[in-house]
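The values are calculated or read from the model by the stated rules, or taken from the named source; none is laboratory data. The model shown is predicted, which means the values in this text are computed figures rather than measured ones. When we count neighbours, we look across all protein chains shown, and the Cβ atoms used for this are built from the backbone with ideal geometry, even at glycine. Only protein heavy atoms, including side chains, enter the accessible area calculation; ligands, DNA and RNA are left aside. Shrake-Rupley method; radii C 1.70, N 1.55, O 1.52, S 1.80 Å.
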Amino acid sequence: AQSVTQLDSQVPVFEEAPVELRCNYSSSVSVYLFWYVQYPNQGLQLLLKYLSGSTLVKGINGFEAEFNKSQTSFHLRKPSVHISDTAEYFCAVSGGQNFVFGPGTRLSVLP
Amino acid sequence: DVKVTQSSRYLVKRTGEKVFLECVQDMDHENMFWYRQDPGLGLRLIYFSYDVKMKEKGDIPEGYSVSREKKERFSLILESASTNQTSMYLCASTPSGRYEQYFGPGTRLTVT
C-alpha cells in the first residue's frame, strides 16, 4: 500500500516570491507521482506527472517538481507565484492498482 | 480534451432520501472512480470500475453503491442519505494503461 504526506496544510506567500510545496510518500513498489491543483469550487486539474526518466518534471503554469527516490519526495516548486496560483494542491501516488492522494496544501498568494 | 461531467454542481437532500449522482466521460475511458473530498482528509476513494458492469470497493464504500451500465456513465447512489454524507463528490476517469486521472467539476452535496 502507498501513503502520501503533505507536510504543510497551508502556505501563505507574497506575490512574485518563490514557493515550494512538500510531498513525501511511502510505498513498497515502484510508483508514479502526480501533482494536481484545485481552484475553488472546481474539480482537480493535473499539473504535472512523473512516470519515468528525468527526475525534474515541468508542468503547466510554470510549476516544476523533482522526484527524489532516496528521500521518497516529490516537492513542487515555482520560482515566482501569481495571485491566480491561489488554490489547493494535491500530491498523489499511483502504485499497482492504487491511486492515493495526500491531504492537500492550501497555497494563498498575498498581494 | 477529455471531458468529465457531473449531473449537478450543488445538491441539497433530506436525511433518508435516495440520492443519485451521475458522471459521464466522453473519451471512451475504461476506468472510472468516485471520491469524496472533506477538509483535511484529501480525497478518499468510494468505488471504482474497470469495465461495464464491474465495480470494486474503495476505502470507504459503506452507505454507497454504484452502477455502470454503459462505458461512459458511472453513477453513485446513496441508498439512504445521512448528514455525515454531506461532502464534495468527485468523479474521475482514466484510460486503461494510463495513470493520470481526469476529474469532473464535483458535486457539493448537503444532507439536512
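From the set of residues in the stretch A:4-20 that are of a type in the set (D, E, K, R) and in contact with a strand residue (DSSP E or B) (Cβ under 7 Å, 6 or more places away or on another chain), which is modelled with the lowest pLDDT?
For the stretch A:4-20, the residue satisfying everything is A:8.
Name the residue that is nearest to residue B:6 (Cα to Cα), counting only residues in the stretch A:32-47 that are more than 7 Å from chain B (Cβ to nearest Cβ) and buried (at least 20 other Cβ atoms within 10 Å of the Cβ).
A:38
Can you tell me which of B:74, B:48 is open to solvent by less than 20 Å² (accessible area, probe 1.4 Å), modelled with pLDDT of 90 or more and not in a loop (DSSP other than H, G, I, E, B)?
Exactly one residue qualifies, and that residue is B:74.
Among the residues of the stretch B:12-45 satisfying the criterion of being open to solvent by 30 Å² or more (accessible area, probe 1.4 Å) and in a strand (DSSP E or B), which is nearest to the other protein chains (Cβ to nearest Cβ)?
Ranking the candidates gives B:44 first.
Test residue B:7 against the stated conditions and say whether it is more than 12 Å from every other protein chain (Cβ to nearest Cβ), open to solvent by 60 Å² or more (accessible area, probe 1.4 Å) and either under 30 Å from residue A:8 (Cα atoms) or polar (S, T, N, Q) (or both).
Yes.
Would you point out which residue out of A:24, A:41 is at pLDDT 95 or above and of a type in the set (S, T, N, Q)?
Checking each option against the conditions leaves just A:24.
Of a type in the set (A, V, I, L, M) and free of Cβ contacts under 8 Å to residues at least 24 places away in the same chain: is that true of residue A:100 in this structure?
no
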